[in-house]
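Read the structure below first, then the notes.
The values are calculated or read from the model by the stated rules, or taken from the named source; none is laboratory data. These numbers were taken from a predicted model, which means no experiment stands behind them. Glycine also receives a Cβ, built like all others from the backbone with ideal geometry; neighbour counts cover every protein chain displayed.
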Amino acid sequence: MLVIVRRFLLLFPALFLVVASIGCSRTASSSVAETKALAAEQQQEINLARQQMELIPPPSKTRYMAVKSLSVWENPYVTVQGEMVTLHVMLADANTSELGVGGMLRPRSARRQDLNVRVSELGTALNAIPNGSWPYGRVVAIEEAHNIPVSARPEVRRNMETVMKQLNDLGVVVYEWSNGGVFR
């Protein structure tokens with residue numbers, strides 16, 4: 001019995017090394033291949049979304065620089081929160097006549113839609129906005145949510161940076177709205 005135990009103890013380290021090296025090499029190579037495939041798929045999605053965004057004309061700086069309040073901002077704008085973003089969209093007025101614009105029969109607030117979107121799906125949501133809702137061109141105002149608890153501010157700032165990077169990757173000009181009511 002003692003001889004069998006000694007032989008097992010001598011063979012166990014060698015057997016363990018063989019099994020461990022085979023298992024580790026296959027897992028690492030397959031995960032690297034999966035990671036590369038996932039990165040290529042994400043890049044392809046970004047390129048497709050960018051092509052769709054290029055159908056919207058470039059921004060008109062003279063038009064959007066004159067805006068002093070988000071309440072009169074006509075292009076889409078984004079409010080960044082802790083775990084999501086709110087996309088504010090002003091739909092184009094279906095009635096093209098000048099009669100009653102912004103009045104009781106055609107209020108601007110009836111055309112405004114607020115959509116809660118995951119940060120990862122912002123590009124898809126922007127591409128779903130009709131071209132008529134981009135009167136200033138391909139520019140989006142962005143602001144941090146108001147009344148954020150102190151503990152959530154770092155997460156909101158990270159999301160803000162992520163959203164800005166996504167918008168830049170899509171070819172959208174980012175116009176950051178500060179808390180004081182002026183653009184930066």
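Got at least one residue in region 79-87 being farther than 20 Å from Pro130 by Cβ, of a type in the set (A, V, I, L, M, F, W, C) and at pLDDT 85 or above? Among the residues of region 79-87, at least one is farther than 20 Å from Pro130 by Cβ, of a type in the set (A, V, I, L, M, F, W, C) and at pLDDT 85 or above, which makes the answer yes.
Given the condition within 24 Å of Pro58 (Cβ to Cβ), surrounded by 12 or more Cβ atoms within 10 Å (Cβ to Cβ), of a type outside the set (A, V, I, L, M) and over 16 Å from the mean Cα position of the chain (by Cα), answer yes or no: does some residue in region 114-132 qualify? Within region 114-132, none of the residues are within 24 Å of Pro58 (Cβ to Cβ), surrounded by 12 or more Cβ atoms within 10 Å (Cβ to Cβ), of a type outside the set (A, V, I, L, M) and over 16 Å from the mean Cα position of the chain (by Cα).
What's the total number of residues in region 111-157 that are closer than 22 Å to Asp93 by Cα, touching a residue at least 24 places away in the same chain (Cβ under 8 Å) and among the basic types (Lys, Arg)? Adding up the residues that qualify gives 2. Summed over region 56-82, residues that are surrounded by 14 or more Cβ atoms within 10 Å (Cβ to Cβ), assigned to a loop (DSSP other than H, G, I, E, B) and under 21 Å from the mean Cα position of the chain (by Cα) total 8.
Restricted to region 158-184, and to residues there that are farther than 18 Å from His88 by Cα and small (Gly, Ala, Ser), the residue that is modelled with the lowest pLDDT is Gly180. Quick check, is Met53 farther than 17 Å from Val174 by Cα, in contact (Cβ under 8 Å) with a residue 24 or more places away in the chain and surrounded by 15 or more Cβ atoms within 10 Å (Cβ to Cβ)? Against the criterion (farther than 17 Å from Val174 by Cα, in contact (Cβ under 8 Å) with a residue 24 or more places away in the chain and surrounded by 15 or more Cβ atoms within 10 Å (Cβ to Cβ)), Met53 does not qualify.
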